[in-house]
């Protein structure tokens, strides 16, 4: 029985394969450029200049694949069982969902927070629950509840509780307290609701500009290890976009 001749790939498919192959070859042969952490805009851990400091952490993606694993009723790994049976902390859950990025943010914020008395130094932005402390115990039901809507500045279920808690926090802190956002400033989803409340006090690390999530997470873990803080600049006046920086040296 004669077989049919194989159809030739279309020019578009063939060109796409060639381009992907060229990118892989370039990545494999091009020397990587790495930057030691000492070359970044970092400050000693205690160079606070009299300022107090609170960190806001952007949330993990509760609609992603890893989030679906931890809330699955049939899941049998330890964190999923604890979430169903007795609850787990918000910080631990978001660290599992987001991985390196949230783990870096949480470690960095705990290391360098300098809050006023009786005010939490680390707060997590949530999709529908406003600002929450990372040690807050969540059950499966409460986690689903605070993650039930999109994170968008025009979404009332996100914006209303965030503005409520931001205004409450603003009334409890002195003028010399900075609010450091460890999250994206490239879109208005966080900065649009928060700038009108905190103005020039809302800041972010200048080294975040141009970096992806994984690079930011690795950078913050290195800062914790070396006792160095990033340089903070006001969101209202800073350049929120930048060129991609050199890769960091691998952690030893």
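The values are calculated or read from the model by the stated rules, or taken from the named source; none is laboratory data. As the structure is a computational prediction, the values presented were derived from the model and not from experiment. All Cβ positions, even for glycine, are placed from backbone atoms using ideal geometry, and neighbour counts span all protein chains on display.
Of all residues in the range 198-213, those that are surrounded by 16 or more Cβ atoms within 10 Å (Cβ to Cβ) and either in contact with a helix residue (DSSP H, G or I) (Cβ under 9 Å, 6 or more places away or on another chain) or without any contact (Cβ under 8 Å) to a residue 24 or more places away in the chain (or both) total 9.
Filtered by the rule that a residue be within 19 Å of the chain's Cα centre (by Cα) and in a helix (DSSP H, G or I), the range 145-158 gives 146, 158. Counting only helices (runs of 4 or more DSSP H) that sit wholly inside the range 60-143, those with at least 2 residues that are in contact with a strand residue (DSSP E or B) (Cβ under 8 Å, 6 or more places away or on another chain) and surrounded by fewer than 20 Cβ atoms within 10 Å (Cβ to Cβ) are 78-85.
Among the candidates 161, 174, the residue that is touching a strand residue (DSSP E or B) at 6+ places or on another chain (Cβ under 9 Å), at pLDDT 90 or above, assigned to a loop (DSSP other than H, G, I, E, B) and over 21 Å from residue 107 (Cα atoms) is uniquely 174. Output yes when any residue across the range 161-179 is closer than 18 Å to residue 67 by Cβ, over 19 Å from the mean Cα position of the chain (by Cα) and without any contact (Cβ under 8 Å) to a residue 60 or more places away in the chain, and no when none is. The answer is no, given that none of the residues of the range 161-179 is closer than 18 Å to residue 67 by Cβ, over 19 Å from the mean Cα position of the chain (by Cα) and without any contact (Cβ under 8 Å) to a residue 60 or more places away in the chain.
Restricting attention to the range 166-194, the residues that are farther than 18 Å from residue 205 by Cα and surrounded by 17 or more Cβ atoms within 10 Å (Cβ to Cβ) add up to 4.
In the set (1) closer than 23 Å to residue 91 by Cα; (2) in contact with a strand residue (DSSP E or B) (Cβ under 6 Å, 6 or more places away or on another chain), the condition left unmet by residue 222 is number (2).
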